[in-house]
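Written out below as structure tokens is the structure these notes cover.
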Amino acid sequence: MILRLAFASLLARALTVGMTILAIALSVALFLGVEKVRTGAKASFADTISGTDLIVGARSGSVQLLLYSVFRIGNATNNLTWESYREIADRPEVDWIMPISLGDSHRQFRVMGTSTAFFERYKYRAGRSLTVDQGAIMDDLFDTVIGADVAATLNYKVGDPIVVAHGLASFVEHEDQPFRVSGILEKTGTPVDRTVIVSLQAIEAIHVDWRSGAKAPGQSTPADVIREMTLEPTAVTAALVGVKSRLQVFGLQRAINEYPQEPLLAILPGVALQELWQIVGIAETALLAVSGMVVVTALIGMMATIFSSLNERRREMAIFRAMGARPRVILSLLVIEAALMAAIGAIVGLALLYIGLFFAQPLVDAAFGLWLPIDPPSLREAWVLGGVVIAGAIVSMVPAIRAYRMSLADGMMVRI
Amino acid sequence: MTPQRLIYETCSEYGIGMAHAELILSLSDVRYRWPGKASFALAIPNFSVASGERVLLLGESGSGKSTLLSLICGTITAQSGSVVVAGIDIASLSAGKRDRFRAEQIGLIFQQFNLLPYASVLDNILLPLRFAPRRNAMLSSPRDIATTLCAELGLPADAISVQAGTLSVGQQQRVAAARALIGAPPLIVADEPTSALDAATQATFLDLLFAQTRAAGSTLLMVSHDARLADRFDRVVQMADIASTA
């Protein structure tokens, strides 16, 4: 009955109570939303390289290697020579290896030279393989497969010609050797979407007439001559490696790191990601703290509302007292009301989150390649919601204790 | 254990009202001063009400009526003297027990704003039973009794489920009466229950209140400043005769 009365009392003050609940709901939705984006971003990053055991590149920082090889963020300082690549590929532990050759671009998108192994071995989001949406995997030397975002942004169709520019943000184009779009990949939500994929040989082919980073003047080898050449690369940017047995990962990593001919670095993608999280962890914590403060602010707002309602509710408290309610009933009534408000706020907040996710999911995926899963609330989220209700009850103790004192002094006669 | 206390406990054990006890209320040598207020003090040498009596307590505002009612109901306790309600000296009870005692023994009606406006009429009537388990246990079906009381007090049949705040002042006072009467507490205390009503409504209300108080076997102590009501009561007491303020 007390619970019903508390509910009726809230209903009678629908406007102020509604505003308070809305504030709590928005803060809860924000908090959970930040959580979702945070875990979603982590999962998205981790999903980008599922199935790869080691990333190998020239010696630099492990985070740097991870960023440029997988996420196309930043640049390689040095390359991995083809001899080293071959030697690693021939090691008995290696199940598969695929080269990555970066450095050129098309418009705002990076061009990546690789082998056809890439289409078989590259796995994202819990072991999914790349699939070709339109067209087919490259067949000719001057064929290219483009990511979904490249096709969508530049409005490319299968068969369209593409001219690759030398370097990034450069005005020098490899106009002598235009490519043809042979296939467009399905959207993956990984950096592959924003990549123009060509074969490793094609990267060599467009640089045939280039000497030490510049085009040799007046020289232009015709395409059919190039096709006849053995286009063996001298170096690649990095390589992704899969081992036969997971137990061999550390041995192989050590062997590559101690490779005598060239300073190399092999990293475990998961470990490098952990390092990356440690770097961005502070920003993450700050973001979480700010949204936590918003929840606290909303709860303090509720406390203020309860405080300001106390005077007009003295009559109500006097009635309770006259009917034989102990002052602590008054106290618990206010705490129950606050907990109810917080609980409704938390539930509405959760609903807002899911409504928001439902609409934002495709937009966020399209804009940032970030996949926010719509899952039932996790245990952690349930704790957050429970915590909001408990915090609401605790915060309301302050006005409730005041009401307790007031009703003790007033008794059943209100003297205002 | 005093004989009166024995009677009270036996009676409440078996759920019988205290109608047969001799004195339902007796105050002797009571002195009370509000905390923090040196000037206003109330002294009541002797005042008692017999069981089943209908007593009108007349007094101007500021004569200490409200203080007296608070003393009887046990929301305040006297600095000296004794307030005995239904055979129990209120001062002997702890604060929590006094609240429970009030719920069990006393039905209260105020001048106005008696009800929780947001709650239904039924919830308002049943509210004291929530704090008075013995009074509640006496009733086989509180809901039916509340409905019957409402009907006998002349409230419309569908009034039981409406929000109390939507009723007229006259109707609200009847709901307050039903709430005081439910479970037949031995003492009904009414503080100017008719002063917010017009003359015609006043008369009807008093008729109904008297009838129901008698039916419940309860004692009625009513406080008012309106001497015109006097001839309807068994006994009229002037506040000035029993109490002195300083």
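Lys/Arg Cβ at +1, Asp/Glu Cβ at -1, dipole of chain A taken about the Cα centre: which of A:VAL111, A:LEU268, A:ALA400 is farthest positive-ward?
Comparing the listed Cα positions along the dipole, A:ALA400 ranks first.
Work the Kirkwood hydrodynamic radius out for the stretch B:49-185: mean of 1/r over every pair of different alpha-carbon atoms, inverted, in Å. Intermediate results must be reported in sequence, preceding the final value.
Values: mean 1/r = 0.0619 Å⁻¹.
Mean inverse Cα-Cα distance, inverted, gives 16.2 Å.
Which pairs in the list A:LYS36/A:LYS244; A:LYS42/A:LYS157; A:LYS157/A:LYS215; A:LYS36/A:LYS157; A:LYS187/A:LYS215; A:LYS42/A:LYS187 are over 26 Å apart, alpha-carbon to alpha-carbon?
Beyond 26 Å: A:LYS36/A:LYS244; A:LYS42/A:LYS157; A:LYS157/A:LYS215; A:LYS36/A:LYS157; A:LYS187/A:LYS215.
Among all helices in chain B defined by DSSP H, which have a length of 24 Å or more along the axis from Cα atoms plus a Kyte-Doolittle mean of at least 0.5?
On the way: long enough: B:199-216 (25 Å, 0.59).
Counting only whole DSSP H runs, the qualifying helices are B:199-216.
Just to confirm my numbers, what's the Cα centroid distance between the stretch B:105-136 and the stretch A:69-129 in Å?
Answer, in whole Å: 79.
Which residues' amide hydrogens lie under 5 Å from the amide hydrogen of A:MET412, considering only partners 5 or more residues apart or on another chain, with H built in the peptide plane?
Amide H neighbours of A:MET412: none.
Which ³J(HN,Hα) values in Hz, rounded to whole numbers, follow from the phi angles of the stretch B:134-140 under the Karplus curve 6.51 cos²θ - 1.76 cosθ + 1.60, where θ = phi - 60° and Gly and Pro get x?
5, 4, 5, 5, 5, 9, 6
So for the stretch A:1-120, taking the charge dipole from beta-carbon charges (+1 Lys/Arg, -1 Asp/Glu), which of A:LEU10, A:SER60, A:PRO99 sits furthest toward the positive end?
Most positive-ward Cα: A:LEU10.
Using the Cα centre as the reference, give the magnitude of the dipole from point charges on the C-beta atoms of the stretch A:47-158 (Lys, Arg: +1; Asp, Glu: -1; all else neutral), rounded to the nearest 20 debye.
Charge dipole of the stretch A:47-158: 420 debye, to the nearest 20.
Determine ³J(HN,Hα), in whole Hz, for all residues of the stretch A:124-133 in sequence, where each value follows from phi through the Karplus function 6.51 cos²θ - 1.76 cosθ + 1.60 and θ = phi - 60°; x replaces Gly and Pro.
Using θ = phi - 60°, the values come out as 9, 6, 6, x, 7, 9, 5, 10, 8, 7 Hz.
Tilt of helix A:14-48 relative to the longest C-alpha principal axis of chain A, in degrees (0 to 90, nearest 10)?
Helix A:14-48 and the main axis of chain A meet at about 20 degrees.
Starting from the amide H of B:VAL30, placed 1.01 Å from N in the peptide plane, find each other amide H under 5 Å away whose residue is 5 or more places distant or on another chain.
B:ILE44, B:SER82
Which value in deg cm²/dmol, rounded to the nearest 500, describes the helix-derived mean residue ellipticity at 222 nm for chain A, given -39,500 (n - 2.57) per DSSP H run of n ≥ 4 and division by the residue count?
When only DSSP H runs of four or more count, the value is -18000 deg cm²/dmol.
What trypsin sites (Lys or Arg not before Pro) does the stretch A:52-158 have in DSSP loop regions with at most 10 other beta carbons within 10 Å? Don't skip to the answer; put the middle values down first.
Working: sites: A:ARG59, A:ARG72, A:ARG86, A:ARG107, A:ARG110, A:ARG121, A:LYS123, A:ARG125, A:ARG128, A:LYS157; in loops: A:ARG59, A:ARG72, A:ARG107, A:ARG125, A:LYS157.
The qualifying sites are A:LYS157.
Is there a quick way to get the dipole size of the stretch B:83-160? I mean about its Cα centre, with the Cβ of Lys and Arg at +1 and of Asp and Glu at -1; what is the value in debye to the nearest 20?
On the way: 8 positive and 7 negative charges, 71 e Å.
For this selection, approximately 340 debye.
Would you kindly calculate the translational diffusion coefficient of the protein assembly as shown, applying Stokes-Einstein with the Kirkwood radius from alpha carbon pairs, for 20 °C and a viscosity of 1.002 mPa s, and quote it in µm² s⁻¹ without decimals?
67 µm²/s
Taking the 0 to 90 degree range and rounding to the nearest ten, how far is the long axis of helix A:327-368 tilted relative to the main principal axis of chain A, both from C-alpha atoms?
Helix A:327-368 and the main axis of chain A meet at about 20 degrees.
Please identify every one of the trypsin sites (Lys or Arg not before Pro) in the stretch A:285-369 that sits in a loop by DSSP and has no more than 14 other beta carbons within 10 Å of its own beta carbon.
Details: sites: A:ARG313, A:ARG314, A:ARG315, A:ARG321, A:ARG328; in loops: none.
Counting only loop positions with at most 14 other Cβ atoms within 10 Å, none of the trypsin sites (Lys or Arg not before Pro) in the stretch A:285-369 qualifies.
Can you tell me the 0 to 90 degree angle between the C-alpha axis of helix A:269-310 and the longest principal axis of chain A, rounded to 10?
The answer is roughly 20 degrees.
What stretch of chain A, leaving out the sites themselves, is the longest with no GluC sites (Glu not before Pro) in a DSSP loop having at most 11 other Cβ atoms within 10 Å? Mind dumping the intermediate values first?
On the way: sites that count: A:GLU175, A:GLU258.
Answer from the scan: A:1-174.
Report ³J(HN,Hα) in whole Hz for each residue of the stretch A:375-384, in order, from the Karplus equation J = 6.51 cos²θ - 1.76 cosθ + 1.60 where θ = phi - 60°; Gly and Pro get x.
Going residue by residue, I get 10, x, x, 6, 4, 4, 5, 4, 4, 4 Hz, with x marking Gly and Pro.
Amide H of A:THR195 versus every other amide H placed in the peptide plane: which residues, excluding those fewer than 5 positions away on the same chain, fall under 5 Å?
A:GLY147, A:VAL150
Rg and Dmax of the stretch A:200-309, Cα atoms, in Å?
Here Rg and the maximum Cα pair distance are 27.9, 88 Å.
Hey, got a sec? Which chymotrypsin sites (Phe, Trp or Tyr not before Pro) in the stretch A:105-195 land in a DSSP loop and have at most 15 other Cβ atoms within 10 Å?
Passing both the DSSP loop test and the Cβ count: A:PHE171.
Rounded if a/c is under 1.5, else prolate if a/b is larger than b/c, else oblate: which is chain B, with a ≥ b ≥ c the root eigenvalues of its Cα gyration tensor?
In terms of gyration-tensor shape, oblate.
Bin all alpha-carbon pair distances of the stretch A:352-416 at 5 Å intervals from 0 and give each bin's fraction as a whole percent.
4, 14, 12, 12, 10, 9, 8, 7, 7, 6, 5, 4, 2, 0
Under a straight-distance cross-link criterion of Cα-Cα below 29 Å, which lysines are reachable from B:LYS97, leaving out those fewer than 8 residues away in the same chain?
B:LYS37, B:LYS65
Over the whole of A:310-323, what's the average partner chain Cβ count within 10 Å per residue? Rounded to a whole number, please.
5
Choose one answer from A:MET19, A:MET229, A:MET98: the residue with the largest mean-square fluctuation in a GNM of chain A with alpha-carbon springs under 10 Å.
A:MET229
Suppose every Lys and Arg Cβ carries +1 and every Asp and Glu Cβ carries -1, with no other charges. What dipole size does the stretch A:229-289 come out with about its Cα centre, to the nearest 20 debye?
So the magnitude is around 260 debye.
No value in this document is a laboratory result; all are computed from the given coordinates. On a predicted model such as this, the values are computed, not experimentally measured, just so you know. Note that each Cβ is placed from the backbone with ideal geometry, even for glycine, and that neighbours are counted across all protein chains shown.
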